[in-house]
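Worksheet: one structure, shown below.
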Amino acid sequence: MLLTLLFTTFVTVFLAEMGDKTQLTTITLSSTTNKPLAVFIGSSIALILATLLGALAGGSIANLIPAYLLKLLSGIVFLTIGINLLAQCKKQYTSNS
């Protein structure tokens, strides 16, 4: 069970981080400083600390709010973001036509 959770978490976070602004920033810093090891260590520590904060906050929130309500709220938030992005895309598409 623990290995399944570790693997699922690794794959999910790894795929989510591919091509995001953190990776692009790391690429930019590494290419402009010619110190890839220092950039790797710095970005790794930053990611570890950010993930630690997220895991601690998630654990605390899970003790206060039932899981079904958290899933419902996160679904509503992502749905709202998606609708907003589609509306912006439509607005941009119609203004360019």
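When region 78-97 is limited to residues that are modelled with pLDDT under 90 and hydroxyl-bearing (Ser, Thr, Tyr), the one that is nearest to Ala57 (Cα to Cα) turns out to be Tyr93.
For region 61-97, filtering for residues that are of a type outside the set (A, V, I, L, M) and more than 19 Å from the chain's Cα centre (by Cα) leaves 13. Here the condition is being outside any loop (DSSP other than H, G, I, E, B), under 13 Å from the mean Cα position of the chain (by Cα) and among the polar types (S, T, N, Q); of Thr22, Thr32, Thr26, it holds for Thr22 alone. Filtered by the rule that a residue be modelled with pLDDT under 90, farther than 26 Å from Leu6 by Cα and loosely packed, with under 10 Cβ neighbours inside 10 Å, region 18-77 gives a lone residue, Asn34.
The values are calculated or read from the model by the stated rules, or taken from the named source; none is laboratory data. Worth saying up front: this structure is predicted, and the values here are computed from it rather than measured. For neighbour counting, all protein chains shown are included, and Cβ atoms are generated from backbone atoms with ideal geometry for every residue, glycine included.
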